[in-house]
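The values are calculated or read from the model by the stated rules, or taken from the named source; none is laboratory data. Please read all numbers here as calculations on a predicted model, not as lab measurements. In this analysis, Cβ positions are derived from the backbone assuming ideal geometry, glycine residues included, and neighbour counts consider all displayed protein chains.
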């Protein structure tokens, strides 16, 4: 098992958001997490990545035989966990190239591989850029500065392609994308699917899932997973909304 | 200094003034030309009358001179003709590009280490100020009683005590290919080096000037410089000033720049050293279609005070001025920025921009910023802004989430912040060198250890 979450509880500013969440993910599986606003979807993504504004108050998370909650954000990344941000951050003056070369070499160091020099890195990055149909000057530009919303999301997927993580967590990567950008992002994700790599796709809508076709769909509500199923659950949610499932959950 | 009221001067300041007036008198021997003699006397009378500014003076509110006033800096030994700096010691400061070099040791030009001034490229003339004072009759005209130098307290002290400096002329239509590098090395404790420099670019001339201020060891010394720069019609001047003196030293530099029509002046200041440093540009745009750019990158930690000021006068039509000043402050350091763009009634179509951005690496560092506009023309485009903050934690987390350790993430973001104004340096070899000096100071200077080294 790649990821096992047991009874995860977390709060921010004394407000309890995750209230005992359980989830198991095997290598190669794609899981979608859906749910209404405020259910805790982005909190789950941030807690897994190690954002320190969230406080974990209870629970266990095992990732690839590591106690995930015991690791710093950079250690989690080095061990193969990747978060594609809902709002990728702008970093003026730091070039994408310096950023990603540093990141790739940090991961390679963890894996006992030699660092890539500037030329090796350029070569390595070239076809990943083509994959996402990004402008070739991407590497020279400051990280996300002056990027459109779609470019920022594609830049995150580009980083994912470079870092080759074991677990990819996509936090509402589809929000704010037009149909062409959505297709490019979905293609990027699909091209990275493999028997070893797993995905958690956090989303509001079915449209990204139509391209990705997840193996499992979970409904997150009030800090817990209240229903799980196959891809057909996403269709059901799109047709009927969350109300019916929430009502069933509250009655149970 | 229009203040005619009698100032209350503390006993400490009185003692300091008497000390420096005494030093000034010892320089006013019978060998001095009458013009310089009179200028020094005038400076002495101003010193006695006004002493040194205190916190009650608005321009010195955040730049406290208490520590300076407590010292009694002595004059350098002007007769030490022999080099007190070996070629090996010089090596560590030498830039890795071809240049014309002038080396000053403790305020006096060292001829052994400097290039031969009699065989400079065509169109370039450089003299030491000491020689110029003996040979030139024009010197007296620099020090009329209304000269700008007397409007600044350290300009006054400069005139009272100056012993050397350089006079540099670039002839009409001459573009000097190599940068002129002027290094000032403090080697002696408790000395004051006082330098007066004159730079004149004739019509359509071009020059790159690099002035660097360093200390050989952890001395406590003072450097007080006045640099006057005249940029004639269509001339182009690029200047870089690097201040890297020992952490107990003092640095005062007043630059008086006047530009004529169609000229271009680009100056960059990097402030890294000294316990107290103050770098001031007084820039007067005295013609049409003038361009200039004044930028700085300043770093301070522990109890350093780093002060940088610009005073930009748009006096004629179609002038464009650009400014970007960045500070990184750690520990209990204090940063001071004061910038004024003044647009005269005649200066229509002025385009002036001034930006100051500051990054605080601790909760105890402090930035005092005062960008100002004074506009008397109606068809102008001017902007000014200032922003001070700490690193956004979202930026740090974003880098961490890609595997970059937190400490390295903070260093990358801080360095990128500081380097932005360096991009305005035109010549790539100089730009790369300055960038390296700044990044070394930042990454090895104890900025990220959160304490005393």
Identify the residue in the stretch A:11-30 that is over 18 Å from the mean Cα position of the chain (by Cα) and assigned to a strand (DSSP E or B) and, among all such residues, is surrounded by the fewest Cβ atoms within 10 Å (Cβ to Cβ).
A:15
Among the residues of the stretch B:338-353, is there at least one that is more than 23 Å from the chain's Cα centre (by Cα), part of a helix (DSSP H, G or I) and surrounded by fewer than 19 Cβ atoms within 10 Å (Cβ to Cβ)?
no
Conditions: (1) over 20 Å from residue B:111 (Cβ atoms); (2) within 20 Å of the chain's Cα centre (by Cα); (3) at pLDDT 95 or above. Residue B:168 meets all but one. Number of the miss?
(1)
Qualifying strands (runs of 3 or more DSSP E) (wholly inside the stretch B:263-326; at least 3 residues being farther than 22 Å from residue B:59 by Cβ and in contact (Cβ under 8 Å) with a residue 40 or more places away in the chain)
B:264-271, B:291-300
Any residue that is away from chain B (no Cβ under 11 Å), part of a helix (DSSP H, G or I) and buried (at least 18 other Cβ atoms within 10 Å of the Cβ) - is there at least one of those in the stretch A:104-122?
yes
Residue B:426 fails exactly one of the following numbered conditions: (1) assigned to a loop (DSSP other than H, G, I, E, B); (2) surrounded by fewer than 19 Cβ atoms within 10 Å (Cβ to Cβ); (3) facing another protein chain (nearest Cβ under 8 Å). What is the number of that condition?
(3)
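Of the residues B:23, B:27, only one is farther than 19 Å from residue B:131 by Cα, over 23 Å from the mean Cα position of the chain (by Cα) and touching a residue at least 24 places away in the same chain (Cβ under 8 Å); which?
Working: B:27 fails: farther than 19 Å from residue B:131 by Cα.
Among B:23, B:27, only B:23 is farther than 19 Å from residue B:131 by Cα, over 23 Å from the mean Cα position of the chain (by Cα) and touching a residue at least 24 places away in the same chain (Cβ under 8 Å).
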Residue check for residue B:241: surrounded by 21 or more Cβ atoms within 10 Å (Cβ to Cβ) and more than 21 Å from residue B:439 (Cα to Cα)
no
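I need the full set of residues from the stretch A:60-79 which are touching a helix residue (DSSP H, G or I) at 6+ places or on another chain (Cβ under 8 Å) and either away from chain B (no Cβ under 14 Å) or not in a helix (DSSP H, G or I) (or both), in order please.
From the stretch A:60-79, those touching a helix residue (DSSP H, G or I) at 6+ places or on another chain (Cβ under 8 Å) are A:60-63, A:68, A:72-74, A:76-79; that's our starting set.
Within the stretch A:60-79, A:60, A:61, A:62, A:63, A:72, A:79 qualify.
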Hey, any hits in the stretch A:31-42 for a residue that's within 14 Å of another protein chain (Cβ to nearest Cβ), outside any strand (DSSP E or B) and under 15 Å from the mean Cα position of the chain (by Cα)?
yes
List the number of the failed condition for residue B:120; all other conditions in (1) assigned to a helix (DSSP H, G or I); (2) surrounded by fewer than 22 Cβ atoms within 10 Å (Cβ to Cβ) hold.
(1)
Would you check which residues across the stretch A:132-171 are within 14 Å of chain B (Cβ to nearest Cβ) and in a loop (DSSP other than H, G, I, E, B) and list them?
A:141, A:144, A:145, A:147, A:164, A:165, A:166
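Could you list, in sequence order, the residues of the stretch B:144-159 that are crowded, with 20+ Cβ neighbours inside 10 Å and either over 23 Å from residue B:63 (Cβ atoms) or in contact with a strand residue (DSSP E or B) (Cβ under 7 Å, 6 or more places away or on another chain) (or both)? Spell out how you get there, then give the answer.
From the stretch B:144-159, those crowded, with 20+ Cβ neighbours inside 10 Å are B:149, B:152-159; that's our starting set.
B:149, B:152, B:154, B:155, B:157, B:158 - these are the residues of the stretch B:144-159 that are crowded, with 20+ Cβ neighbours inside 10 Å and either over 23 Å from residue B:63 (Cβ atoms) or in contact with a strand residue (DSSP E or B) (Cβ under 7 Å, 6 or more places away or on another chain) (or both).
Return yes or no: is residue B:213 within 23 Å of residue B:94 (Cα to Cα), under 14 Å from the mean Cα position of the chain (by Cα) and in contact (Cβ under 8 Å) with a residue 40 or more places away in the chain?
Values: within 23 Å of residue B:94 (Cα to Cα): yes; under 14 Å from the mean Cα position of the chain (by Cα): yes; in contact (Cβ under 8 Å) with a residue 40 or more places away in the chain: yes.
For residue B:213, the condition - within 23 Å of residue B:94 (Cα to Cα), under 14 Å from the mean Cα position of the chain (by Cα) and in contact (Cβ under 8 Å) with a residue 40 or more places away in the chain - is met.
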Could you tell me whether any residue of the stretch B:345-356 is in contact with a helix residue (DSSP H, G or I) (Cβ under 6 Å, 6 or more places away or on another chain), within 25 Å of residue B:304 (Cβ to Cβ) and within 14 Å of another protein chain (Cβ to nearest Cβ)?
no
Answer with yes or no whether residue B:417 is in contact with a strand residue (DSSP E or B) (Cβ under 7 Å, 6 or more places away or on another chain), at the interface with another protein chain (Cβ under 10 Å from one of its Cβ atoms) and either surrounded by 15 or more Cβ atoms within 10 Å (Cβ to Cβ) or part of a helix (DSSP H, G or I) (or both).
yes
Can you spot a residue in the stretch A:68-86 that is in contact (Cβ under 8 Å) with a residue 12 or more places away in the chain, within 30 Å of residue A:238 (Cβ to Cβ) and surrounded by fewer than 20 Cβ atoms within 10 Å (Cβ to Cβ)?
yes
